[in-house]
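Readers should treat all values here as calculations from the given coordinates under stated rules, not as data from a laboratory. Since this is a predicted model, take the numbers as computed values, not measurements. Don't worry about glycine lacking a Cβ; one is built from the backbone with ideal geometry, like all the others, and counts go over all protein chains shown.
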Amino acid sequence: MTDGQPRTGDATGVIPLRRWKIEKRPDVGAWLQFLAILLALAAAFIVSAALITIAGADVGKAALAAFKGAFGSLKSFAETLLQSTPILLTGLAVTVAFRARLFNIGAEGQFLAGAMGAVWVSLAFGDALPSGLLIPLTMLGALATGGLWGGIPGLLRARYGTSEIIVTVMMNFVIYFLLAFLLGDVWRDPSSFFLQTPRMPEAAHLPKLIAGTRLHLGFIVALAAAALVYVLLWRTALGYEIRAVGINATAATYKGIDVAKITVLVMALSGAIAGLSGAIEIPGLHQRLTLDTSTGVGFTGIIIAMLGRLHPLGVVLAAFFFGASVTGTSAMQIATGVPVAINQAIQGIILIFLLITDVLVRYRLRRIEVHV
Amino acid sequence: MSELWDVAFIASLLAGMVRLATPILLAALGELITERAGILNLGVEGMMLTGALVGFLVAYGTGSLWLGTAAAVLCGGLLGLLMAFMAATLKVDQILVGLALNLLALGSTTFAYRLAFKDVGTQNPTTISTFGTVKVPGLADIPLLGEVLFSQHALTYLALLVVPAAYFFLYHTKYGLELRGIGDNPRAVDMRGVAYTRRQYAAVAFGGMMAGLGGAFLTLAASGLFVPDISAGRGWIAIALVIFGNWQPVWIMFGALFFGLIDSFQLSLQAVGVDVPHELLLGLPYLLTIVALVLNRRRTQMPLSLGIPYYRESR
């Protein structure tokens with residue numbers, strides 16, 4: 001901005017004017033990206049405090065209750081880890097897809113597809129197989145169904161150029177209504193009034209990690225998946241190709257990368273990871289399918305992936321944070337009556353603020369000399 | 001089953017079709033204008049939900065259904081402005097903004113409703129009296145057609161009137177031409193000196209207002225009560241409709257009527273105790289949208305720059 005009032009010069013004729021200028025940074029370093037996250041979280045905390053006040057509760061008391069609820073004891077800490085498990089996996093699923101610039105909005109549906117695959121396997125083979133075989137088999141089933149549900153949008157995009165965004169969104173609903181149909185029909189537990197499948201056989205349940213808590217083996221599987229996603233993306237040739245397609249698909253084509261193949265592969269892989277999330281949440285926690293099986297874990301996964309900067313380590317941290325926020329807010333509701341729905345509102349707010357602060361840190365304010 | 005298909009049944013089936021098409025048609029026409037300006041707003045669901053709650057709260061508080069409707073439109077418009085600010089000014093990823101708005105709306109409406117009423121999850125939620133149907137004098141007495149088309153809610157007539165209005169605006173006015181230009185080729189429009197950002201703000205705000213209106217229809221005309229997540233995917237149906245109708249107002253209306261017919265069909269058959277796989281029928285619109293997307297790909301009217309931010313400085 002050089003449109004300041006020019007002053008007439010003295011003997012030399014030139015007086016440097018100093019003004020502030022907003023300019024784009026040549027590059028945004030890692031610490032600035034981290035700062036953007038901190039700013040977004042700080043803003044979200046302020047909004048949370050405002051919402052808690054509106055709800056008529058004392059902010060300090062509510063925060064203490066939330067903190068205790070999330071970390072106060074071994075049991076509550078285990079519950080936090082438990083809550084972070086499914087969203088860690090959906091976050092990883094979204095990460096893999098977004099790294100290839102494929103907008104998989106369908107982790108929600110792929111989660112359900114995976115859960116359905118796992119339940120089907122366990123109901124079909126539950127009596128015949130021991131736990132050590134049945135559990136891996138349910139997970140394989142979920143990888144297949146989730147992979148199929150993610151692979152179809154990938155295939156349609158590669159073959160017909162249709163938007164994977166729209167197709168994945170639509171497929172979320174298709175699988176939901178398919179599940180609703182099955183629950184009212186062949187999958188219905190005849191002994192129950194509710195729309196739900198029979199309980200999964202004992203052998204398919206995931207073993208608990210800590211006695212007296214609900215934390216199960218799925219947490220370890222999710223952590224292992226995070227490590228595997230890291231290795232895949234940064235230590236293999238395929239991962240290099242995935243990231244190359246994400247940075248510039250045209251350039252990747254010139255390098256001889258088969259973008260269509262990567263598209264299908266990445267979407268199927270992303271769907272498979274989201275499906276695995278379903279194969280962990282159901283056998284680990286609910287042990288049966290209902291229509292309320294998914295509580296928006298696919299959409300939360302998108303926020304976690306963004307907050308984690310599309311990096312597995314960041315995704316682990318973000319999932320842990322959101323897991324704590326789930327257990328924290330339910331403890332807060334019990335202690336202070338602040339509705340637990342605050343959790344979803346804050347998730348949305350965090351993402352909006354993160355998008356804003358990401359733009360903010362791209363600019364800097366600098367004092368420059370203007371020569372007139 | 002054959003004795004079911006008498007005139008009264010068909011009339012109620014078709015009247016239900018038009019009624020059920022109303023909220024999704026309102027929201028879809030708003031989304032059409034939004035997308036024609038090059039902005040893909042995935043936050044329709046959240047805007048509808050917000051309109052549904054705000055309309056309900058204001059109507060409950062003031063006793064005026066029309067004030068509630070106005071408040072719903074206003075709040076939808078404000079959310080639209082937020083979306084426009086993020087998409088057109090900050091140029092952040094539109095997909096993510098839309099999803100964030102949905103989560104924010106789902107959380108905050110449930111939060112607000114629970115604070116305002118303590119009856120969430122109980123058997124008797126708070127209800128208000130709804131808009132009545134408006135019989136068009138003379139026309140309402142026509143057999144069949146009168147019941148189907150001319151004994152509907154005022155907002156239904158409005159939705160049906162917006163269809164030709166949107167068509168006329170898009171294809172027969174200078175502003176409509178410019179708006180379509182922004183969606184297809186913002187650089188060309190920019191070079192003609194058109195204030196494209198302002199147009200985008202107006203388009204997205206209009207989309208939000210229509211979504212808010214669609215939401216208000218749910219609480220103030222269709223049901224008279226609010227339950228958390230009452231929009232139940234209708235915002236996504238609206239987005240699907242824009243695709244299904246190939247970004248053209250008249251086809252979007254036919255799509256809305258078709259989706260409304262499916263909904264009315266399964267409700268009518270359930271009401272008379274006929275066992276239909278109604279879940280599969282409800283899932284059909286989403287599946288058909290994918291099919292339409294694939295089949296229409298060669299003659300798609302999708303705005304060419306849909307979802308892609310335009311930077312004046314870079315090429």
Exercise. Return the single residue from B:G146, B:G255, B:G51 with maximal mean-square fluctuation; model: Gaussian network over chain B, springs between Cα atoms under 10 Å.
Key: B:G146
Exercise. Have a look at A:P136, A:P16, A:P86 and tell me which one the Gaussian network model of chain A (Cα, springs below 10 Å) gives the largest fluctuation.
Key: A:P16
Quiz item: Once amide H atoms are placed 1.01 Å from N in the peptide plane, what residues at a sequence separation of 5 or more from A:Q196, or on another chain, have their amide H within under 5 Å of its amide H?
Solution: A:D189
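Calculate, for B:A165 and B:V7, the FRET efficiency according to 1/(1 + (r/R0)^6) with r their C-beta to C-beta distance and R0 56 Å; round to the nearest 0.05.
Working: r = 33 Å, r/R0 = 0.58.
Working from the Cβ atoms, E equals 0.95.
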Quiz prompt | Partner chain coverage, peptide B:278-284 - average Cβ within 10 angstrom | solution = 6
Quiz item: Taking H as built 1.01 Å from N, whose amide H comes closer than 5 Å to the amide H of A:H216, not counting residues under 5 places away?
Solution: A:L209
Self-check item: Of the chymotrypsin sites (Phe, Trp or Tyr not before Pro) in the range B:1-78, those whose Cβ has at most 15 other Cβ within 10 Å and which sit in DSSP loop
Solution: B:W5
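What ranking do B:V162, B:V276 get, fewest neighbouring Cβ atoms within 10 angstrom at the top?
Values: B:V162 21, B:V276 12.
Exposure proxy ranking, most exposed first: B:V276, B:V162.
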Quiz item: So what are the ³J(HN,Hα) numbers for the range B:69-75, from phi and the Karplus equation (6.51, -1.76, 1.60; θ = phi - 60°), rounded to whole Hz, Gly and Pro as x?
Solution: 4, 4, 5, 5, 4, 4, 5
Self-check item: Sum of side-chain charges, B:A203 neighbourhood, beta-carbon under 12 Å (Lys, Arg +1; Asp, Glu -1)
Solution: +1
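Normalised by the number of residues in chain B, what is the relative contact order in percent for Cα pairs under 8 Å and 6+ residues apart? Don't jump to the answer; show the numbers that get you there.
Working: 559 pairs, mean separation 117.6, N = 315.
37 percent.
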Self-check item: Ranked B:R19, A:R18, criterion: other C-beta atoms within 10 Å, fewest first
Solution: A:R18, B:R19
Self-check item: Contact order relative to length of chain A, as percent, for alpha carbon pairs under 8 angstrom and 6 or more apart
Solution: 38
Quiz item: Tell me, what HN-Hα J-couplings in whole Hz come from the Karplus equation 6.51 cos²θ - 1.76 cosθ + 1.60 at θ = phi - 60° for each residue of the range A:88-98, using x for Gly and Pro?
Solution: 5, 5, 5, x, 5, 4, 5, 4, 4, 5, 5
Quiz item: So what's the angle, to the nearest 10 degrees on a 0 to 90 scale, between helix A:30-54 and the longest Cα principal axis of chain A?
Solution: 70
Quiz item: Hey, rough spin-label estimate for A:D27 and B:T126, points 7 angstrom out along Cα→Cβ, what's it come to in nanometres?
Solution: 5.7
Quiz item: Angle, helix B:44-62 long axis vs. longest principal axis of chain B, Cα atoms, 0 to 90°, nearest 10?
Solution: 60
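For peptide B:158-168, how many partner chain Cβ atoms fall within 10 Å of a residue's Cβ, on average? Could you put the intermediate results ahead of the total?
Details: counts 0, 0, 0, 0, 0, 0, 0, 0, 0, 0, 0.
That works out to 0 on average.
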Quiz item: What is the Cα centroid distance between the range A:285-304 and the range B:11-80, reported in whole angstrom?
Solution: 27
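Which ordering of B:Y171, A:Y176, B:Y157 is given by a fewest-first count of other beta-carbon atoms within 10 Å? Let's see the in-between values first.
Numbers: B:Y171 12, A:Y176 21, B:Y157 16.
The fewest-first ordering by Cβ neighbours comes to B:Y171, B:Y157, A:Y176.
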Practice problem: Can you tell me the order of B:290-296, B:74-80, B:44-50, B:220-226 when each peptide is scored by its average per-residue count of other Cβ atoms within 10 angstrom, highest first? | Solution: B:44-50, B:74-80, B:220-226, B:290-296
Quiz item: For chain A, modelled as a Gaussian network with Cα springs under 10 Å, which listed residue fluctuates most, A:A78, A:A158, A:A115?
Solution: A:A158
Self-check item: For the range A:115-149 versus the range A:170-242, the gap between their alpha-carbon centres in whole angstrom
Solution: 9
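Which order do peptides B:186-196, A:268-278, A:300-310 fall in by mean Cβ count within 10 Å, highest first? Walk me through the numbers before you get to the answer.
Numbers: B:186-196: 15.4, A:268-278: 31.5, A:300-310: 25.4.
Descending packing order for the listed peptides: A:268-278, A:300-310, B:186-196.
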Quiz item: Relative contact order, percent, of the range B:49-117 when contacts are C-alpha pairs under 8 Å separated by at least 6 residues?
Solution: 30
Exercise. On a 0 to 90° scale, report how tilted helix B:7-36 is relative to the longest principal axis of chain B, with both axes built from alpha carbons and the result rounded to the nearest 10.
Key: 20
Quiz item: If amide H atoms are built 1.01 Å from N in the plane of the peptide, which residues on other chains or at least 5 residues away come under 5 Å of the amide H of A:R19?
Solution: A:I368, A:V370
Exercise. Partner chain Cβ atoms within 10 Å, averaged over the residues of A:173-185 - can you pull that number for me?
Key: 5
Quiz item: If we count every other residue with Cβ under 11 angstrom of B:L90's Cβ, Lys/Arg +1 and Asp/Glu -1, where does the sum land?
Solution: 0
Exercise. May I ask for the distance between the Cα centers of the range B:135-209 and the range B:225-277, given as a whole number of Å?
Key: 20
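Evaluate the charge dipole of the range A:95-311 about its Cα centre and quote only its size in Debye, nearest 20, assuming +1 on the Cβ of each Lys and Arg and -1 on the Cβ of each Asp and Glu.
On the way: 14 positive and 10 negative charges, 132 e Å.
Taking the Cα centre of the range A:95-311 as origin, the dipole is about 640 debye.
Compute the signed sum of charges (Lys and Arg +1, Asp and Glu -1) over the other residues within less than 13 Å, Cβ to Cβ, of A:L155. Don't skip to the answer; put the middle values down first.
Details: positive: A:R157, A:R159, A:K261; negative: A:E164.
So the environment of A:L155 carries a net charge of +2.
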